[in-house]
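The values are calculated or read from the model by the stated rules, or taken from the named source; none is laboratory data. Quick caveat, the model's predicted, so the values are computed rather than measured. Note: ideal-geometry Cβ built from the backbone for every residue, glycine included; neighbour counts use all protein chains shown.
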Amino acid sequence: MSLVEYDVIIIGAGVAGLTAGTLLAERGKKVALVTAGEPTVCLSTGCIDLCSGADNPEEAIDALPAQHPFHLVTRQQIHQAVDDFKRKMAGAGLAYVGQTSRNRLVLSAIGTFKTTCLIPESMQASPQSEEGKIHVVTFACLKDFYPGYIISRLKNASFSTYDAGISTTMGIASLFEDENFLESFLLWVEKQNIREDKIAFPAVLGLESSAAIREKIEYRMERPVFEIPTIPPSMPGRRLFNCLKDSFHRAGGVIYWDWQATGAEKSGRLIEAVITESHGRPNSLNAQAFILATGSFVGGGLRADHSKIIENIFDLPVYTPGKREEWFEQDYFSLNHPIGRAGIVVDGSFRAVESRWDNLYVCGNILAHIEVLKNGCGHGFALATARAAAESLLEAGR
Amino acid sequence: MKFEHCIRCTICVENCPVFRVNPDFPGPKQAGPDAQRFRSEKDKTVDHWVMLCSQCKRCDMACPSGVEPAEIILRAQQRYGIEHPRTAAHLLFANNYYLSQLGSLTAPLANRFAAAGIGKKILQRMGITTYIPFPEFSFRTMKKKPKPAGKGRKKVAFFYGCFINFYRPDIGAGIIRLLESLNIDVVLPPQWCCGLPALGNGNLALARYFAGKNVDSLSDYVDAGYDIIYSCTSCGLCLLNDYQGIMDIPRAKKIAENTYDLHEYILRLIIEKNIRPEFRDVSRSVAYHIPCHLRAMKIGYPAADLMKMIPGLECHILDDACCGLSGSYGFKKTNETTAVQLGKRAVSLIRKTGASSIVSDCGSCRMQLGGLSGMDAFDPAEIICESLAIDVKRKNTKNREGRKIARPLPSV
């Protein structure tokens, strides 16, 4: 028995968990979210991939294999999830652009193009082909960004280097929050005699005030400015996480940090509480219903031993693609590793099939048959299934 | 220590307040798991920058792989502390308990010294910064009260901590009256500094000495059926985590199993329908700055839950920013710029809420945020007392915590 009883407990603070939690809190539920640490969304590019198999993500979704869980979500739910997301992010000062009917390209840090659907406004001016005339501004000794990769692939690109006195992504991003630094940077960049149409930066243009910083540079340089996502620490990923977290807080949700759920209290067909390890008294939290959004292997929802794949908290049945030797392809860079299909199989109500829990819903990257890398359905899939799972939970409560 | 579990995702670095503003600190990943691979038992430590870590524990909270970089750094700090001559500031703050006893005994004198120009100069010479006024010693500290007075439905032993004892016994008295009004018997057991200041200044032996004495004393009360209550979240974290962890104190588990945050305890009694306090209207808007160490306690924000029950009270919860003072950390000259920059950021977030005053469980958070903003800073217990019409003779802090800062702040 725990201290406080919640209506719903969400496990996992990624895009799926925070989205489901916000929606439920907005519908009047008393919601808590528990998380082992910060989610993999912080490491992401901040772009919302919906489905990258075709120019039109909606058609790409239709063409996914029959067992893909994207088919459990209606078109209307996808639209609502995306509209809701865009509205909330814009309200939080992190505007996203793009439509569910059209994919677009984003220039990557190695000069290739990534296909995605919704992008933060800071990447809106990213060129759509190798012909793009861009000038890359980078920073002395910045370990995580080498403009040479981009220059070698894009014919009409050049670069210059500014010495910020600091060589880390985080450090430079927080310097940009300082007006004096921004001003001295602008004085320098104005002298660079940039001729290209657009100016590109590694994604270090501020943390909280990124939109204002970018607009100021655009105004002074009289041309579009865009960010190129970097390897972690990824500022666009961090900004996305911060805004999702803020909207969850604003809706009235509570987050328990460093609260790694290690098991559950069960009774009949119901989960009654989740448990975490503690130095003192047993630490548990009760709720009427639970949403499992712990992600896949990297997120911490699944783990594998030598013979099987295990769901870490409730020991739900996991779909496993054959024997261990069949989990991988020989080509490391192949997008077809069968391990990408491992996960929890759910029915239309987003409850795990072959499991006896009536009040446990599952969404996001832990679901089976997603193949995120192959299908390019990352955060967009999380947004859509989170909404569908939350709606199913509300429906069952009626 | 699980430094091998680090996948180098840098989420800890993104959460490190010190790294954000001080380029001399390599961040929790490098100072923690990365450097740990090179730390050898045979060689003398050279990583002086471990002392720049403020032990806010935000990296421990954020790590998705369970590495606990702050814990790794804390251990490195202890070793550094043993192997290298300690600065005057480190020595003083490690022994803060004894110093404060002296300060309280000579309160009128000590306060005048700390506030006077010459006193400040001497403090600065010793490597202690004076950008916010030193807290004012209280001549009357908490009186020991080892036996219960009445026959309440619950018996608690109150671990009040040094801040309440030496600087704000008025808050301590308010908490006692609050508990008594809820029909709870309160005793003040013999107690010493929790040990955290010693630990934070690289003196594990002294920390263990304090911890051992506290456990001896508190253990008797647990045996006699008392629950232990703390109100300072850093003392609490130390009692619950560090006694069992780095200090390795026997019987620490028993203490942890019976120790509660003040508000967690009251909330529990309300939920179990043991008490039904009648909260009265407190029409005000407050910014609740969550201390980093409350966040690290894994119990949610119980004071926020209580304040939600108070009609008329608008409570903005802020848990993203560290105040930067971190106990004695920000009082050291070497950390002054870091502390001020972080404090200013926390204050700007508070101002954005439009709240009229600050609330925080931690005395040093209140000192920093009140000092930098000039706003009133309250303990949540003070707000709850107000709502329950419990008279608290609040120490007049306006002229110190809230006064205009005499010296211009270091430019950041």
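In summary, helices (runs of 4 or more DSSP H) completely within region B:330-392 and bearing 2 or more residues that are under 27 Å from B:Asp24 (Cβ atoms) and free of Cβ contacts under 8 Å to residues at least 40 places away in the same chain occur at B:336-353.
The number of residues in region B:259-289 being β-branched (Val, Ile, Thr), within 13 Å of chain A (Cβ to nearest Cβ) and surrounded by fewer than 22 Cβ atoms within 10 Å (Cβ to Cβ) comes to 2.
Is one or more of the residues making up region A:152-161 within 14 Å of chain B (Cβ to nearest Cβ), surrounded by 15 or more Cβ atoms within 10 Å (Cβ to Cβ) and assigned to a helix (DSSP H, G or I)? The answer is no; no qualifying residue exists.
Pairs linking a residue in region A:268-282 that is in contact (Cβ under 8 Å) with a residue 24 or more places away in the chain and more than 9 Å from chain B (Cβ to nearest Cβ) to a residue that is surrounded by fewer than 21 Cβ atoms within 10 Å (Cβ to Cβ) and aliphatic (A, V, I, L, M), with Cβ atoms under 7 Å and 6 or more positions apart or on different chains, are A:Ile271/A:Ala264; A:Ala273/A:Ala264; A:Val274/A:Ala264.
Can you name the residue in region B:314-340 that is more than 17 Å from the chain's Cα centre (by Cα) and closer than 28 Å to B:Tyr97 by Cα and is also surrounded by the fewest Cβ atoms within 10 Å (Cβ to Cβ) among such residues?
Step one: list which residues in region B:314-340 are more than 17 Å from the chain's Cα centre (by Cα), which gives B:314-317, B:333-338, B:340.
Imposing the further condition that a residue be closer than 28 Å to B:Tyr97 by Cα reduces the set to B:333-338, B:340.
Working: B:Lys333: 17, B:Thr334: 15, B:Asn335: 25, B:Glu336: 20, B:Thr337: 19, B:Thr338: 25, B:Val340: 23.
The residue in question is B:Thr334.
Residues that are within 23 Å of A:Ala13 (Cβ to Cβ) number at least 1 in the following strands (runs of 3 or more DSSP E) confined to region A:217-323: A:254-256, A:261-267, A:270-276, A:283-292, A:302-304, A:309-311.
Working only within region A:29-80, note down all residues that are out of contact with any helix residue (DSSP H, G or I) (no Cβ under 7 Å at 6 or more places or on another chain), among the small types (Gly, Ala, Ser) and at pLDDT 95 or above. Within region A:29-80, A:Ala32, A:Ala60, A:Ala63, A:Ala66 meet the criteria. Of the residues making up region A:205-214, one or more are buried (at least 16 other Cβ atoms within 10 Å of the Cβ), basic (Lys, Arg), touching a residue at least 60 places away in the same chain (Cβ under 8 Å) and more than 14 Å from chain B (Cβ to nearest Cβ). Name every residue in region A:50-59 that is surrounded by fewer than 24 Cβ atoms within 10 Å (Cβ to Cβ) and either of a type outside the set (Ser, Thr, Tyr) or closer than 30 Å to A:Glu277 by Cα (or both), in order of residue number. If the condition is that a residue be surrounded by fewer than 24 Cβ atoms within 10 Å (Cβ to Cβ) and either of a type outside the set (Ser, Thr, Tyr) or closer than 30 Å to A:Glu277 by Cα (or both), then A:Gly53, A:Ala54, A:Asp55, A:Asn56, A:Glu58, A:Glu59 are the ones that fit. Residue pairs whose Cβ atoms lie under 7 Å apart, sitting 6 or more positions apart in sequence or on different chains, and linking a residue in region A:175-198 that is more than 26 Å from A:Glu131 (Cβ to Cβ) to a partner that is of a type in the set (Ser, Thr, Tyr), are A:Glu177/A:Ser209; A:Phe185/A:Tyr162; A:Trp188/A:Tyr162.
In region B:33-124, which helices (runs of 4 or more DSSP H) lie fully inside it and hold 3 or more residues that are away from chain A (no Cβ under 14 Å), in contact (Cβ under 8 Å) with a residue 24 or more places away in the chain and among the hydroxyl-bearing types (Ser, Thr, Tyr)? I'd like the intermediate steps shown before the answer.
Details: elements: B:58-62, B:69-83, B:88-94, B:96-105, B:107-115.
In region B:33-124, B:96-105 are the helices (runs of 4 or more DSSP H) which contain 3 or more residues that are away from chain A (no Cβ under 14 Å), in contact (Cβ under 8 Å) with a residue 24 or more places away in the chain and among the hydroxyl-bearing types (Ser, Thr, Tyr).
Per this entry, A:Ala261 is counted among residues that are touching a residue at least 12 places away in the same chain (Cβ under 8 Å) and more than 18 Å from A:Val372 (Cβ to Cβ).
Can you tell me which residue is nearest to the other protein chains (Cβ to nearest Cβ) among those in region A:283-299 that are hydrophobic (A, V, I, L, M, F, W, C) and touching a Phe, Trp or Tyr at 6+ places or on another chain (Cβ under 8 Å)? Quick ask: steps written out before the conclusion?
Taking region A:283-299 first, the residues hydrophobic (A, V, I, L, M, F, W, C) are A:285, A:287, A:289-293, A:297-298.
Filter again for touching a Phe, Trp or Tyr at 6+ places or on another chain (Cβ under 8 Å), leaving A:285, A:287, A:289-292.
Details: A:Leu285: 8, A:Ala287: 13, A:Ala289: 19, A:Phe290: 17, A:Ile291: 18, A:Leu292: 16 Å.
Taking the candidates together, the pick is A:Leu285.
Search region B:4-28 for residues that are closer than 16 Å to B:Lys57 by Cα and at the interface with another protein chain (Cβ under 7 Å from one of its Cβ atoms) and pair each with any residue that is hydroxyl-bearing (Ser, Thr, Tyr) and assigned to a helix (DSSP H, G or I) when their beta-carbon atoms are under 8 Å apart and the residues are at least 6 apart or on different chains. Listed by first residue and then by second, the contacts come to B:Arg20/A:Ser174. Restricted to region A:1-119, the set of helices (runs of 4 or more DSSP H) holding at least 2 residues that are within 23 Å of A:Phe226 (Cβ to Cβ) and free of Cβ contacts under 8 Å to residues at least 40 places away in the same chain comprises A:75-91. On the stretch given as region B:217-245, residues that are more than 12 Å from chain A (Cβ to nearest Cβ), among the β-branched types (Val, Ile, Thr) and either surrounded by fewer than 24 Cβ atoms within 10 Å (Cβ to Cβ) or within 18 Å of B:Leu182 (Cα to Cα) (or both) total 1.
Among the residues of region A:341-385, those identified as of a type in the set (D, E, K, R) and on the phi > 0 side of the Ramachandran plot are A:Glu354, A:Glu371.
Against the list (1) crowded, with 21+ Cβ neighbours inside 10 Å; (2) farther than 26 Å from B:Cys59 by Cα, the condition B:Pro311 fails is (1).
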